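The values are calculated or read from the model by the stated rules, or taken from the named source; none is laboratory data. Quick caveat: nothing in here was measured; it's all calculated off a predicted structure. Virtual Cβ from ideal backbone geometry, glycine too; neighbours counted across all protein chains shown. Heads up: the accessible areas ignore ligands, DNA and RNA and are worked out on the full protein's heavy atoms, side chains in. Shrake-Rupley method; radii C 1.70, N 1.55, O 1.52, S 1.80 Å.
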Amino acid sequence: MTIRHGLLALLERGPMYGYQLRASFEEATGATWPLNIGQVYTTLSRLERDGLVTALPEDTDGKRPYEITPEGRTEIALWFASPISRADRPRDELAIKLALALSTPGVDVGAVVQTQRSATMRTLQELTRLKTRGTEPGALSWRLVLESLVFQAEAELRWLDYCEASVLREPPPPTRRTARAVGTDAGYTHDTSAAESEASA
């Protein structure tokens, strides 16, 4: 989810200024994706530039609310109607990290997996604790976000178990440094043998 679409969705409720948008965003997502106010106002400026929102006159407190435009309503309607593809999501840094760990000399892949498993387990425990707050009215939106994070953490733990089992079944291939060392030793042994043969003759 982009901040752009999040703010447009919130402005569908009515005009808001930056701090109201930040508070509403964090309330809707259970503060699982905190925003700083700079992000909010930078995004609002871009939305205004693109004709998706318009700035209204300042109120009596000197705060300037923003209002969604018809073009903005079209944009957010298309977003809600379109699926999110895997290509739209950030790269999985953990998968890349483990792939590189397998081919990097001196890295204990098992230790990398264990460190991540401990961190993911702590995250899962914290998310599970937060779920107990979801009894007040209007809490469904952020409970859905929390459940999504819980499922992701559980899936990550299963995947880490799979990675660890795979590493145990199939040891990593020798590194190029090891291969060069073996080749050098073999060559040294061959040359010595040849010299000994010539000396005996």
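Worth a mention:
- Segments 71-82, 52-63, 18-29 sorted - mean Cβ within 10 Å per residue, highest first: 18-29, 71-82, 52-63
- Shape analysis of segment 19-75 places it in the oblate category; the axes a ≥ b ≥ c from the Cα gyration tensor give an a/c of at least 1.5, with a/b not above b/c.
- Difference of contour (0.36 nm per residue) and Cα-Cα distance, residue 19 to residue 100: 25.0 nm
- Local electrostatic count, residue 65, Cβ distance below 11 Å [Lys/Arg +1, Asp/Glu -1]: -2
- Derived scalar couplings between HN and Hα for segment 37-42 equal 5, x, 4, 4, 6, 5 Hz in order, rounded to whole Hz, by the Karplus curve 6.51 cos²θ - 1.76 cosθ + 1.60 (θ = phi - 60°), x for Gly and Pro.
- Taking the protein heavy atoms of segment 95-170 in the context of the full set of protein chains, the accessible area attributed to carbon and sulfur is 61 percent at 1.4 Å.
- Close amide-amide hydrogen proximity is noted between residue 17 and 66, each under 5 Å apart and 5 or more residues distant or on a separate chain (H modeled in the peptide plane; Pro and chain starts excluded).
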